[in-house]
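Okay, so here's the structure we're looking at.
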Amino acid sequence: MKKVHRGTCSMAGKRPRPVGPDEARRLLADGTSACSHCRPDTALGIAGLQRLTK
């Protein structure tokens, strides 16, 4: 399962693919989960988006 991580997240795995903030927002809005460890949704100012869209 793919998740969106912050750039400094140790949970991102061995081959993370960097994305900019706009693409991260789009991925989160389209249903990709945010990492519960690094909370990129909070850093982007869109915390709670998953709860609102489901």
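The values are calculated or read from the model by the stated rules, or taken from the named source; none is laboratory data. Small disclaimer: the values here were computed from a predicted structure and weren't measured. Glycine gets a Cβ as well: all are built from the backbone with ideal geometry, and neighbour counts include every protein chain shown. Heavy atoms of the whole protein, side chains included, go into the accessibility calculation; ligands, DNA and RNA do not. Shrake-Rupley method; radii C 1.70, N 1.55, O 1.52, S 1.80 Å.
How much length, in nm to one decimal, is gained on full extension between Thr42 and Asp22, taken as 0.36 nm per residue of separation minus their Cα-Cα distance? It would help to have the intermediate numbers written out before the result.
On the way: separation 20, 0.36 × 20 = 7.20 nm, distance 1.41 nm.
Residue separation times 0.36 nm, minus the Cα-Cα distance, leaves 5.8 nm.
Would you mind calculating the relative contact order of the chain from Cα pairs under 8 angstrom and at least 6 residues apart, reporting the percent as a whole number?
In percent, rounded to a whole number, it is 42.
Net charge within 11 Å of Val4 by Cβ-Cβ distance, Lys/Arg positive one each and Asp/Glu negative one each, not counting Val4 itself?
Working: positive: Lys2, Lys3, Arg6, Arg17, Arg25, Arg26, Arg39; negative: Glu23, Asp30, Asp41.
After counting each charged neighbour, the total is +4.
Taking only protein heavy atoms and a 1.4 Å probe, what accessible area per residue, in Å², does the chain have with all protein chains in place?
Details: 4250 Å² over 54 residues.
Counting only protein heavy atoms, the per-residue value for the chain is 79 Å².
Quick one: which residues, 5+ away or cross-chain, put their amide H under 5 Å from the amide H of Val4? H built at 1.01 Å from N.
The list, which skips near neighbours in sequence, is Ser33, Ala34, Cys35.
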